[in-house]
Amino acid sequence: MTTVVLNGVTALSHLGVIRAEGPDAASFLHGQLTQDFSLLGATEARLAALCTAKGRVIASFIGIRPQPELILLVCSRDILAATLKRLSMYVLRAKVKLTDATEQVALHGLAGTALTANGLEASTPPGKRTAIGEDISAVSLYPADGVPRALWIAPAGHAAPVGPALDLAVWQWSEVRSGIVTLTTPVIEAFVPQMINYESVGGVNFKKGCYPGQEIVARSQFRGTLKRRTYLVQADAPLSAGQEVFAGNDAEQPVGTVAQAAPAPDGGWAALISMQISALETGGLRAGAADGASLTVEPLPYPLLEDI
């Protein structure tokens, strides 16, 4: 197999943007999501989740605050409409307007030398926002296989960032390799945030006030009840989000779920699977069925926080 170079720029057509604008934009989102948006600074970005009352994740976001009364939430386009509708139900008297801004915003993914070509520092840690002029934001993302990556957010119609063209499929593979789950329709309500490692990658703030599902999320963390984690795997056969994962020869009881998957550019598939921690010892992991695609676990690109 050839070695694929993760380098260049691609338009991210699979993502969309929710715009929250008004004096209460930050406080409203602070009360709905797992992250602290009240203290979100202009040079920061937040990974966050929207949960049900039972603590199950129904949407995930990358959020920035380019202006004091404006927050942009980037999420998977396939869940945007339902997510916007749900958030809008809770606006009530809050002075905030929520809209689908997907058509007004252009999103690009930058990898490798494309970062420096567009004035970004390749060594910037994940979760930082760089302002490019008045209208453009660049968010540093978790790297994939050591390659730096960034999310470029600009007004629609603005000149695209410079750099060699990168295939969208390669970018989506890099999303999986980064170890950060982006929630999509097949896995809505499948996980609490810790099951997709969000507390280990800055997606949950345990010091902030209440939000839907907060009590259950906190209980999972502080009472040591967490039994599942997300792991990075490879397979030779196609994988898809929502597939069940089995271990050993047990064809009856699945031990996990594929959270996100993408074909590898040089063959095979990469996936993030959320499964029982104990299944690592059992081995013989397969997707779809007990005799399905064999899964090989690889090291995560970040450390997991120990249960408190």
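The values are calculated or read from the model by the stated rules, or taken from the named source; none is laboratory data. All figures in this text were calculated on a predicted structure; none of them were measured in a lab. Methodologically, a virtual Cβ is constructed for each residue, glycine included, from the backbone with ideal geometry; neighbour enumeration extends over all protein chains shown. When the accessible area is computed, the model is the full protein with side chains, heavy atoms only, and any ligands, DNA or RNA have been set aside. Shrake-Rupley method; radii C 1.70, N 1.55, O 1.52, S 1.80 Å.
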message: Rounded to the nearest percent, how much of the accessible area of region 56-200 (1.4 Å probe, protein heavy atoms only) is carbon and sulfur?
response: 55 percent
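Quickly estimate the mean residue ellipticity at 222 nm for the chain, helices only: each DSSP H run with n ≥ 4 gives -39500 (n - 2.57), and the total goes over all residues, rounded to 500.
After summing the helix terms and dividing by the residues of the chain, the value is -4000 deg cm²/dmol.
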task: Using the Karplus curve 6.51 cos²θ - 1.76 cosθ + 1.60 with θ = phi - 60°, work out ³J(HN,Hα) for each residue of region 265-271 in order, rounded to whole Hz, and write x for Gly and Pro.
output: x, 9, x, x, 9, 10, 8
task: Calculate one ³J(HN,Hα) per residue across region 232-249 by plugging θ = phi - 60° into the Karplus curve 6.51 cos²θ - 1.76 cosθ + 1.60, and present them in order as whole Hz with x for glycine and proline.
output: 8, 9, 10, 8, 8, 10, x, 10, 8, 4, x, 4, 7, 10, 10, 10, x, 9
message: Under 8 Å for C-alpha pairs, at least 6 residues apart: give me the relative contact order for region 1-136, rounded to a whole percent.
response: 36 percent
statement: Sorted by chain and then number, the residues having a modelled amide H within less than 5 Å of the amide H of Tyr231, at least 5 places away or on another chain, are Ile273, Ser274, Met275
task: Just subtract the alpha-carbon distance of Ser38 and Leu70 from 0.36 nm times their residue separation and send over the number in nm, one decimal.
output: 10.4 nm
task: For region 28-120, state which chymotrypsin sites (Phe, Trp or Tyr not before Pro) are in a DSSP loop and have at most 10 other beta carbons lying within 10 Å of their beta carbon.
output: none
query: Of Gln260, Val217, Met195, which is farthest along the charge dipole of region 138-296 in the positive direction, counting Lys and Arg as +1 and Asp and Glu as -1 at C-beta?
result: Val217
statement: Quick calc: nm separation of the 7 Å Cα→Cβ label points for Glu189 and Thr296 -> 3.7 nm
message: Beyond 13 Å, how much of the Cα-Cα pair distribution for region 53-99 remains, as a whole percent?
response: 64 percent
- line: For Cα extents along the principal axes in Å the list reads [x] 57, 48, 37; [y] 64, 45, 31; [z] 56, 46, 31; the calculated value is entry [z]
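Rg(Cα) of region 167-240 divided by 2.2 N^0.38 Å?
Taking N as the residue count of region 167-240, the ratio is 1.28.
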Cα-based equivalent ellipsoid, region 1-100: semi-axes from gyration tensor eigenvalues, Å: 27, 16, 13
task: For region 33-61 and region 69-109, write down the distance between their C-alpha centroids in whole Å.
output: 13 Å
- prompt: How much area per residue is accessible in region 1-85 when the probe is 1.4 Å and only protein heavy atoms are counted (Å²)?
  reply: 38 Å²
- prompt: Dividing the Cα radius of gyration by the Kirkwood radius, what Rg/Rh value follows for region 27-157?
  reply: 0.97
message: Check which residues have an amide H placed less than 5 Å from Ile58's amide H, if you skip close sequence neighbours.
response: Leu50, Cys51, Thr52, Glu189
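Report, to two decimal places, the Cα Rg of region 168-308 normalised by 2.2 N^0.38 Å (N = number of residues).
Here the answer is 1.04, to two decimals.
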